[in-house]
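Some notes on the structure that comes next.
The values are calculated or read from the model by the stated rules, or taken from the named source; none is laboratory data. This one's a predicted model, so the numbers in the text were calculated from it and none came from an experiment. We place every Cβ from the backbone using ideal geometry, glycine too, and count neighbours over all the protein chains shown. Please note that ligands, DNA and RNA were not included when accessible areas were found on the heavy atoms of the full protein model with its side chains. Shrake-Rupley method; radii C 1.70, N 1.55, O 1.52, S 1.80 Å.
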Amino acid sequence: MTASGPGETAAYLPGSTAARVAGLERRRDRAVAPGGPSRRGEFSARERIERLVDKDSFTETGLFVRARPAGEDARRPYGDGVVTGYGTVDGRPVCVFAQDSTVFGGSMGEAFGEKTVALMDLALKTGCPVVGLNDSGGARIQEGVASLALYAELVRRNVKASGVIPQISVVLGPCAGGAAYSPAITDFTVMVDGASHMFVTGPDVIETVTGERTTAEELGGARTSNTVNGNAHFLAADEEDALDTVRDLLSYLPANNLERPPEYAPGLPPPGADLDEIVPDRLGEAYDMRAILHAVVDDGELLQVQELFAPNIICALARIEGRSVGVVANQPLRAAGVLDIDASEKAARFVRFCDAFGIPLLTFADVPGYLSGVRQEQAGIIRRGAKLLYAYAEATVPKVTVVVRKAYGGGYAVMGSKHLGADVNLAWPTARIAVMGAEGAVGVLHRRELAASDDPEALRARLLSAYERTHGTPYLAAERGYVDAVIAPRETREQICRALRALRGKRAPMPERRHGNIPL
């Protein structure tokens, strides 16, 4: 009798204990056998799990769960197209599910969904991260509303787990329709270049409904999701790289919101960086903010989140003295580090993640302000830019800010200012903290004088010089206590280390409430 035989559920195994054990082994072999041929270049669901977790650490759950009969289709394979269980990554517990594309195309049926939901419940009870390896054709049409119901049940678990345990989605093939919403709610999504696709409506349906012609890659491929719409956080070269990214990511994260992130032996930045010389003398000249970050964090290592999306702001996980920190920094190489809609939403979500899991925030500011323009205003820069203000103001983890150069207007306020609750604010002597840059300010404040002057250029030069002496420095802010110290750039790491040590026991009680109302 085969694993998919209709009468096997009620089969009775007579005989000795040895015969029963032998029957168990035969049944196990049938349960783990692939349901069909794997697509070229991919690992099977179980092989993917084996490559993710520590060797021999995985324990499978629901091995003998079988698909519900659907209509005339009597096939009832074990597992129902998803492998679930728990193991360890670097010795730390993790729950994992892997969708099996060889069984009903990896589509979600009732038993499939129940297994996944049960695993989510186990992760919540035990307080360990969940990693989902997605490779699914979506809802199982044959099972109708039961499939849809389980998608909703899964999303409810994702929401319940949000901010409680880390949730990581890895898209290793298609992830379409209702299946795409679960990764969207999880904390991080990893996609494989050229292999992963994630969208609500596929190209064929779009062409039928709207007449637009597109491809799966253009619509929701890994590059589109990493660069255009920001649905993904990491772009992997292949499956091995995707799983390596997950392991690397987990090394920065606590198991749950009640534990601290793992601690490692303190590292040192690579030698050779001269921070005193890194900021150009000319204000409009760009430089790479990453050079500063590499020179400050342990071993110069940054795990950038959404590196290819909204590159005018950097969000990254790193370590200072062996402890995890979340880094948010403007990137002057891209659009002068201006804050636009995409950058604000990218950074806001990252800040809120770090706050949820007790990861201190380290902010480096060099920002000309929020991006102006008709398109940004009409697209909602006020509402959507406010998300970053909300996120910083809401965060209760230790917050340390370094103003490197420009900190103008609303950009100064939002990038980890004292006024949003930052604990320690440092500034380099190159910092310029003001409502706006000298050119704009002189043009607004002295418009009439310049128009009436016999030599407007000479007057402009004098006014610019006077403005720079007062507002073009960090000292006015320091006089008011908005900056705790003006430091030499070479002192940055040591000052950050001292601040984070002092803030290790920070307590920040919040008013009792159900939750705030972030401007979504």
Whole-percent carbon and sulfur share, accessible surface of the range 193-291, 1.4 Å:
50 percent
So what are the ³J(HN,Hα) numbers for the range 333-345, from phi and the Karplus equation (6.51, -1.76, 1.60; θ = phi - 60°), rounded to whole Hz, Gly and Pro as x?
5, 10, 6, 6, x, 5, 8, 10, 4, 4, 5, 5, 5
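Can you order the peptides 489-497, 101-109 by their average number of other Cβ atoms within 10 Å per residue, highest first? Display every interim value, and only then the final one.
Details: 489-497: 17.2, 101-109: 23.8.
My ranking of the peptides, most packed first, is 101-109, 489-497.
Whole number in Å², please: accessible area per residue of the chain, 1.4 Å probe, ligands, DNA and RNA not counted. Mind dumping the intermediate values first?
Working: 24160 Å² over 520 residues.
Per-residue value: 46 Å².
Suppose every K and R has +1 on its Cβ and every D and E has -1 on its Cβ; what is the size of the dipole of the range 79-208 about the Cα centre, in Debye to the nearest 20? The partial results should precede the final answer.
On the way: 7 positive and 13 negative charges, 96 e Å.
Value, rounded to 20: 460 debye.
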Is the C-alpha gyration tensor of the range 355-451 telling us rounded, prolate or oblate? Criteria: a/c under 1.5 is rounded; beyond that, a/b larger than b/c is prolate, otherwise oblate.
oblate
Dipole check, the range 315-368, charges on Cβ (K,R +1; D,E -1), about Cα centroid: among 324, 351, 368 the Cα furthest to the positive pole belongs to 324
What whole-number distance in Å separates the alpha-carbon centres of the range 275-330 and the range 437-487?
29 Å
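How would the range 242-343 be classified by its alpha-carbon gyration tensor: rounded, prolate or oblate, with rounded meaning a/c under 1.5 and the a/b versus b/c comparison settling the rest?
Verdict is oblate for the range 242-343.
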If unit charges are put on Cβ atoms (+1 for Lys and Arg, -1 for Asp and Glu) and the dipole of the chain is taken about its Cα centre, the option from 129, 58, 428 lying farthest towards the positive end turns out to be 129
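What translational diffusion coefficient, to the nearest whole µm²/s, does the chain have by Stokes-Einstein, given a Kirkwood radius computed over alpha-carbon pairs, a temperature of 37 °C and 0.692 mPa s viscosity?
Values: Rh = 25.5 Å.
The Stokes-Einstein estimate is 129 µm²/s.
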Sorted on mean Cβ neighbours within 10 Å (highest first), peptides 240-248, 18-26, 172-180 come out as 172-180, 240-248, 18-26
Compute, for the chain, the length of the dipole vector about the Cα centre, with Cβ point charges of +1 (Lys, Arg) and -1 (Asp, Glu) only. Units Debye, rounded to 20.
1520 debye
Find the relative contact order for the chain and round it to a whole percent, using C-alpha pairs within less than 8 Å whose residues are 6+ positions apart.
8 percent
Report, by chain and number, residues whose modeled amide H sits under 5 Å from the one on residue 82, excluding near sequence neighbours (fewer than 5 apart, same chain).
100
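Pairs of Cα atoms under 8 Å, at least six residues apart: use those to get the relative contact order of the range 158-250, whole percent. Mind showing how you got there, number by number?
Details: 148 pairs, mean separation 25.7, N = 93.
Dividing the mean separation by the residue count of the range 158-250 yields 28 percent.
Quick one: which of 358-368, 147-157 comes out on top by average Cβ neighbours within 10 Å, and what's the full order, highest first?
Numbers: 358-368: 24.9, 147-157: 17.5.
My ranking of the peptides, most packed first, is 358-368, 147-157.
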Positive-end residue, the chain charge dipole about Cα centroid, Cβ charges, pick of 225, 215, 396:
396
Rounded to the nearest 20 debye, dipole of the range 139-200 from Cβ charges on Lys, Arg, Asp, Glu:
180 debye
Would you please classify the overall shape of the range 127-210 from the alpha carbon gyration tensor, given that a ≥ b ≥ c denote the square roots of the eigenvalues, rounded means a/c under 1.5, and beyond that prolate means a/b larger than b/c while oblate covers the rest?
oblate
